[in-house]
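This report refers to the structure that appears directly beneath it.
Bear in mind these aren't lab numbers, they're just calculated from the coordinates by the rules spelled out. Small disclaimer: the values here were computed from a predicted structure and weren't measured. When we count neighbours, we look across all protein chains shown, and the Cβ atoms used for this are built from the backbone with ideal geometry, even at glycine.
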Amino acid sequence: MPPAICIEVALWERFGWGPDVTDKLTDARLREMMIVLEQQRVSRDAVSNLGPPDSSRLSSGTRTIESMSEANAPPQ
C-alpha cells in the first residue's frame, strides 16, 4: 500500500479534490478508498481482457440448469 500522501495525490488528480477534502479523511479511510478504486480497475481490466465469447468454451464443461437441479435434489 502506498503512503497516505501518495493516495491523497492520486485522489486529488482523479476527482479534482484538494487537501481541504482529504485532510478530513483518516489514513484508514484513504487506504480503504484506494483499495476499492484499485479493485474496480482490476475488475474492469479483467472484463475488458475477456474478449468475445467462445462457443467451444461456453459448451464444454458447463452444467445445464436441469443437471444442476438434479445435483441439488434430495436423494430418493
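General observations
- Each of the peptides 14-24, 28-38, 42-52 was scored by the mean count of other Cβ atoms within 10 Å over its residues; in descending order, highest first, they stand as 28-38, 14-24, 42-52.
- Considering only the Cα atoms of the range 1-46, their convex hull presents on average a projected area of 3.1 nm².
- In order through the range 11-21: 3J(HN,Hα) via Karplus (6.51 cos²θ - 1.76 cosθ + 1.60), integer Hz, x for Gly, Pro: 5, 4, 5, 6, 10, x, 6, x, x, 4, 8
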